[in-house]
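Note sheet for the following structure.
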Amino acid sequence: MPELGEIKKARDIGYKGTSNYAWTACVDCGKERWVELKKGNPKSKRCFLCATTDPVYRAQMSEVQIGEKGHNWRGGRIETPEGYIKVLLQSDDFFYPMANTQGYVPEHRLVVARTLKRCLQSDEIVHHFNGIRNDNRIENLALVTMKNHPSNTFTKQLQKRIRNLEQLHLSPGKLSEE
């Protein structure tokens with residue numbers, strides 16, 4: 001067992017990197033552990049458990065790292081690779097049940113839901129009239145079912161037309177006439 005104050009290189013104690021580590025004790029519970037040194041001082045004075053259960057620490061971290069004050073905050077709006085906009089909702093929002101596990105809901109669904117003043121069901125689809133996926137104006141959106149969705153209707157029409165054309169070109173009577 002190392003002695004308090006002992007300093008070793010990361011590789012000597014099985015860690016990656018080239019930093020120095022000191023064997024120190026937590027100021028709250030006394031648990032001994034290796035702590036990375038920054039400018040000759042231990043990076044933290046508390047063990048992980050004591051640090052995360054300290055209400056003052058938790059308050060500081062929540063203010064610093066979560067939401068608008070977080071260093072990675074992008075306004076609560078993201079664009080998916082498919083071109084849709086997703087909006088971050090707070091857990092106390094009426095429409096939060098529509099959100100995914102990260103708290104985001106597609107903006108076009110949220111716009112229609114807010115207009116109807118109710119959450120949308122999973123089988124309800126919001127269609128963009130002009131086909132532009134990030135144009136979420138209410139006048140560009142329509143609530144439809146999968147059966148009535150224009151892309152399904154168009155696809156069915158195309159499939160029917162393809163079948164008719166194939167029958168015209170492959171039927172023996174038609175081939176002899178051409």
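The values are calculated or read from the model by the stated rules, or taken from the named source; none is laboratory data. All values derive from a computational prediction rather than experimental measurement. Here Cβ is always computed from backbone atoms with ideal geometry, including for glycine, and neighbour counts include all displayed protein chains.
Within the stretch 54-84, the set of residues being of a type in the set (Val, Ile, Thr) and at pLDDT 80 or above comprises Ile78, Thr80. Take the stretch 90-127 and flag every residue that is outside any helix (DSSP H, G or I) and under 16 Å from Glu79 (Cα atoms). If the condition is that a residue be outside any helix (DSSP H, G or I) and under 16 Å from Glu79 (Cα atoms), then Ala99, Asn100, Gln102, Gly103, Tyr104, Val105, Pro106 are the ones that fit. Inclusion of Arg114 among residues that are modelled with pLDDT of 90 or more and either surrounded by fewer than 10 Cβ atoms within 10 Å (Cβ to Cβ) or over 20 Å from the mean Cα position of the chain (by Cα) (or both) is warranted. Checking the stretch 15-25 against the condition returns a match, with at least one residue being touching a residue at least 12 places away in the same chain (Cβ under 8 Å), touching a Pro at 6+ places or on another chain (Cβ under 9 Å), small (Gly, Ala, Ser) and surrounded by 13 or more Cβ atoms within 10 Å (Cβ to Cβ). Kindly establish whether Ser19 is under 24 Å from Asp54 (Cα atoms), in the same structural domain as Asp54 (by TED's automatic domain parsing) and of a type in the set (Ser, Thr, Tyr). No: the conditions fail for Ser19. Taken as a whole, the condition of being exposed (fewer than 14 other Cβ atoms within 10 Å of the Cβ), farther than 30 Å from His128 by Cα and at pLDDT below 90 does not apply to Gln90. Listed by first and then second residue, the pairs with beta-carbon distance under 8 Å, at least 6 apart or on different chains, first residue in the stretch 108-125 and in the same structural domain as Lys86 (by TED's automatic domain parsing), second aromatic (Phe, Trp, Tyr), are His108/Tyr84; Leu110/Phe95; Ala113/Phe95; Arg114/Phe95; Cys119/Phe94; Cys119/Phe95. Each residue in the stretch 79-88 was checked for being within 23 Å of Glu139 (Cα to Cα), in a loop (DSSP other than H, G, I, E, B) and of a type outside the set (S, T, N, Q), and 3 of them qualify. Any residue at all in the stretch 16-26 that is hydrophobic (A, V, I, L, M, F, W, C), in a loop (DSSP other than H, G, I, E, B) and either at pLDDT 90 or above or more than 28 Å from the chain's Cα centre (by Cα) (or both)? Among the residues of the stretch 16-26, at least one is hydrophobic (A, V, I, L, M, F, W, C), in a loop (DSSP other than H, G, I, E, B) and either at pLDDT 90 or above or more than 28 Å from the chain's Cα centre (by Cα) (or both), which makes the answer yes.
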